[in-house]
Amino acid sequence: MNVSPHLWAPNKSADYQFDDSAMRLERAVSEFRYGRPIVLSGPEGSVAALALDAASPSDFERFARAAGDQHALYLSRHRAARLGLSNADDIAIPARDMDFASASALAYARDSAAQIEWKPATSLMRTAGEVAGLALLLPAMMCVEVPRHARTFAACVEVDHLDLPKSRRMARNFEVVVRTPVPLRDLGDCEFVVFRGGVAQKDQVAIVVGQPDTSGPVPVRIHSSCLTGDLCGSLKCDCGDQLRNGLSSLKEQGGGVLLYLDQEGRGTGIGAKMRAYGYQHEGLDTIDADAELGFGPDERRYDAAVAMLGGLGIGAVNLLTNNPTKVAALLAAGIAVNGRTSVTGRITPDNLEYLRTKTLRAGHALDIDLLTRAATELSDG
């Protein structure tokens with residue numbers, strides 16, 4: 001039987017046993033994505049939660065019956081703010097009279113009614129929201145307190161409130177699966193190094209361009225996956241340009257590494273990204289579109305990047321990025337950032353506002369004067 005090494009925990013004897021925290025959390029992630037409830041337990045009791053994003057109307061109705069109509073709709077503080085509750089943290093809305101459509105509207109539809117009864121979400125509800133994030137689902141779910149010894153949700157996977165913090169050590173637990181040479185157009189000989197690890201055992205890829213000298217600072221680009229931009233040439237972003245220009249820059253600098261991280265939609269997943277695109281078509285910028293879905297400005301984490309750099313023997317970098325958060329994440333992990341170089345792409349009528357939002361609201365190091373001139377030229381043209 002092949003079992004992930006991340007699920008094994010050594011004890012003081014010669015034997016090994018399963019790491020229950022890691023296993024429960026990964027099973028909970030899977031259950032959420034299949035549209036089944038999980039139970040979260042802590043000193044204050046237990047809560048059953050159903051991720052609305054993965055549930056069908058019949059799943060919703062079944063949960064409501066099991067909850068005896070005592071359930072509530074959990075929403076993040078970002079969604080609460082979009083509902084007009086600007087001073088609220090995460091909230092719980094009594095759902096006795098809700099059907100699936102009305103709950104979904106409150107969870108992620110625009111212009112939903114703000115005159116709602118609500119109370120602060122409990123810590124276990126917030127934990128359920130974090131598990132939904134690991135499952136790449138919207139942070140909106142049906143929750144109900146489960147009385148001690150109740151059998152209604154006895155068949156569900158149960159997660160202890162300490163499982164999530166205990167399992168965070170998995171975030172940087174990656175191992176090399178394979179490394180193989182791949183010649184790339186205009187770049188020559190490169191090496192693809194596949195790492196596997198983290199929660200839910202994701203595969204992450206490092207592309208080694210040339211033969212970088214790891215005895216000093218290595219040119220590094222941390223690139224989050226973008227199916228629409230990298231693969232399909234979307235005009236709504238500059239991701240594809242950044243990918244190709246970043247690789248070219250690594251070659252020009254004599255070699256380096258591009259870390260290609262599976263973090264579609266700034267860490268929200270492809271499904272949420274497409275929902276957000278719909279709101280962008282209605283006039284919202286990228287940050288407000290994500291907030292409509294309950295997300296913060298950027299849900300990405302860089303634990304995998306730190307682990308991959310360590311696995312490649314890289315302790316100091318010259319980082320190719322416009323994003324100060326990436327610099328801060330590496331510095332916090334003890335990786336020296338000796339320099340930073342901007343990576344730019346084409347400015348088009350379709351991505352201009354996207355770039356302005358990254359600059360003005362997300363703090364990316366882009367030339368705002370250049371963007372302003374480009375806006376003028378595009379409007380004049």
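The values are calculated or read from the model by the stated rules, or taken from the named source; none is laboratory data. Note that the coordinates shown come from a computational prediction; the quantities given were computed from them, not determined experimentally. All Cβ positions, glycine included, derive from the backbone under ideal geometry; neighbour counts span all protein chains shown.
Identify all residues within the stretch 64-101 that are in contact (Cβ under 8 Å) with a residue 60 or more places away in the chain, within 20 Å of E130 (Cα to Cα) and assigned to a helix (DSSP H, G or I); write none if there are none.
Result: H78, R79, A81, R82.
From (1) without any contact (Cβ under 8 Å) to a residue 40 or more places away in the chain; (2) assigned to a helix (DSSP H, G or I); (3) among the polar types (S, T, N, Q), pick out the condition that doesn't hold for S104.
The number of the failed condition is (1).
Determine if the stretch 198-210 includes at least one residue that is small (G, A, S) and at pLDDT 95 or above. Show your work before the answer.
Quick first cut of the stretch 198-210, residues small (G, A, S) only: 198, 200, 206, 210.
Of the ones still in play, those that are also at pLDDT 95 or above are 206, 210.
Checked the stretch 198-210: at least one residue is small (G, A, S) and at pLDDT 95 or above.
For the stretch 178-206: of the residues being surrounded by 13 or more Cβ atoms within 10 Å (Cβ to Cβ) and of a type in the set (A, V, I, L, M), which is farthest from R33 (Cα to Cα)?
L187
Residues of the stretch 55-87 being closer than 25 Å to M274 by Cα, buried (at least 20 other Cβ atoms within 10 Å of the Cβ) and small (G, A, S), which ones?
A55, S76, A80
Let's see how each residue does on (1) surrounded by 17 or more Cβ atoms within 10 Å (Cβ to Cβ); (2) more than 30 Å from R82 (Cβ to Cβ); (3) among the charged types (D, E, K, R):
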{"site": "G233", "(1), (2), (3)": "no, yes, no"}
{"site": "C239", "(1), (2), (3)": "yes, no, no"}
{"site": "E252", "(1), (2), (3)": "no, yes, yes"}
{"site": "G256", "(1), (2), (3)": "yes, yes, no"}
{"site": "M274", "(1), (2), (3)": "no, no, no"}
{"site": "G283", "(1), (2), (3)": "no, no, no"}
{"site": "T286", "(1), (2), (3)": "yes, no, no"}
{"site": "A289", "(1), (2), (3)": "yes, no, no"}
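Output the number of residues of the stretch 29-53 satisfying the condition of being of a type in the set (A, V, I, L, M) and either within 17 Å of L106 (Cβ to Cβ) or not assigned by TED's automatic domain parsing to the domain that holds Y108 (or both).
So in the stretch 29-53, the residues of a type in the set (A, V, I, L, M) come out as 29, 38-40, 47-52.
From what is left, the residues that are either within 17 Å of L106 (Cβ to Cβ) or not assigned by TED's automatic domain parsing to the domain that holds Y108 (or both) are 49-52.
Counting residues in the stretch 29-53 that are of a type in the set (A, V, I, L, M) and either within 17 Å of L106 (Cβ to Cβ) or not assigned by TED's automatic domain parsing to the domain that holds Y108 (or both) gives 4.
Which residue out of D262, D241 is farther than 20 Å from A305 by Cα, in contact with a Ser or Thr (Cβ under 9 Å, 6 or more places away or on another chain) and either at pLDDT 95 or above or among the acidic types (D, E) (or both)? Full working, then the answer.
Values: D262 fails: farther than 20 Å from A305 by Cα.
Residue meeting the stated conditions: D241.
Could you list all residues from the stretch 31-63 that are part of a loop (DSSP other than H, G, I, E, B) and either closer than 16 Å to R126 by Cβ or within 22 Å of the chain's Cα centre (by Cα) (or both)?
Residues of the stretch 31-63 part of a loop (DSSP other than H, G, I, E, B): 34-37, 43-44, 55-56.
Selection gives Y34, G35, R36, P37, P43, E44, A55.
Does the stretch 251-295 hold any residues that are among the hydrophobic types (A, V, I, L, M, F, W, C) and touching an Asp or Glu at 6+ places or on another chain (Cβ under 6 Å), and which are they?
Applying the first criterion (among the hydrophobic types (A, V, I, L, M, F, W, C)) to the stretch 251-295 yields 257-259, 261, 270, 272, 274, 276, 284, 287, 289, 291, 293, 295.
Within the stretch 251-295, I270, A276 meet the criteria.
Across the stretch 291-326, which residue is farthest from L355 (Cα to Cα) among those that are surrounded by fewer than 20 Cβ atoms within 10 Å (Cβ to Cβ) and touching a Leu at 6+ places or on another chain (Cβ under 8 Å)?
By that ranking, first place goes to G315.
Please tell me if I287 is aliphatic (A, V, I, L, M), within 21 Å of the chain's Cα centre (by Cα) and closer than 21 Å to L366 by Cβ. Please lay out each step first, then the result.
Numbers: aliphatic (A, V, I, L, M): yes; within 21 Å of the chain's Cα centre (by Cα): yes; closer than 21 Å to L366 by Cβ: yes.
For I287, the condition - aliphatic (A, V, I, L, M), within 21 Å of the chain's Cα centre (by Cα) and closer than 21 Å to L366 by Cβ - is met.
Hey, among L330, L366, L360, which residue is under 17 Å from V220 (Cα atoms) and either assigned by TED's automatic domain parsing to the domain that holds A289 or surrounded by 16 or more Cβ atoms within 10 Å (Cβ to Cβ) (or both)? Talk me through it step by step, then tell me what you get.
Working: L366 fails: under 17 Å from V220 (Cα atoms); L360 fails: under 17 Å from V220 (Cα atoms).
Exactly one of L330, L366, L360 is under 17 Å from V220 (Cα atoms) and either assigned by TED's automatic domain parsing to the domain that holds A289 or surrounded by 16 or more Cβ atoms within 10 Å (Cβ to Cβ) (or both), namely L330.
With the requirement that a residue be among the aliphatic types (A, V, I, L, M) and not in a helix (DSSP H, G or I), what does the stretch 118-138 give you? Even if it seems obvious, please write down each step before you answer.
At the first step, the residues of the stretch 118-138 found to be among the aliphatic types (A, V, I, L, M) are 121, 124-125, 128, 131-132, 134-138.
Of everything in the stretch 118-138, those that are among the aliphatic types (A, V, I, L, M) and not in a helix (DSSP H, G or I) turn out to be A121, A135, L136, L137, L138.
If you go through the stretch 113-133, how many residues are among the aliphatic types (A, V, I, L, M) and either outside the structural domain of S76 (by TED's automatic domain parsing) or surrounded by fewer than 18 Cβ atoms within 10 Å (Cβ to Cβ) (or both)?
Step one: list which residues in the stretch 113-133 are among the aliphatic types (A, V, I, L, M), which gives 113-114, 116, 121, 124-125, 128, 131-132.
From what is left, the residues that are either outside the structural domain of S76 (by TED's automatic domain parsing) or surrounded by fewer than 18 Cβ atoms within 10 Å (Cβ to Cβ) (or both) are 113-114, 116.
Residues meeting the conditions: 3.
Could you please let me know if T214 is among the polar types (S, T, N, Q) and more than 23 Å from G267 (Cβ to Cβ)?
Working: among the polar types (S, T, N, Q): yes; more than 23 Å from G267 (Cβ to Cβ): yes.
For T214, the condition - among the polar types (S, T, N, Q) and more than 23 Å from G267 (Cβ to Cβ) - is met.
It is to be established whether one or more residues within the stretch 143-161 are free of Cβ contacts under 8 Å to residues at least 60 places away in the same chain and in a strand (DSSP E or B).
no
From A128, A171, A154, A150, grab the single residue that is of a type in the set (G, A, S) and touching an Asp or Glu at 6+ places or on another chain (Cβ under 8 Å).
Working: A128 fails: touching an Asp or Glu at 6+ places or on another chain (Cβ under 8 Å); A154 fails: touching an Asp or Glu at 6+ places or on another chain (Cβ under 8 Å); A150 fails: touching an Asp or Glu at 6+ places or on another chain (Cβ under 8 Å).
Going through A128, A171, A154, A150 in turn, the sole match is A171.
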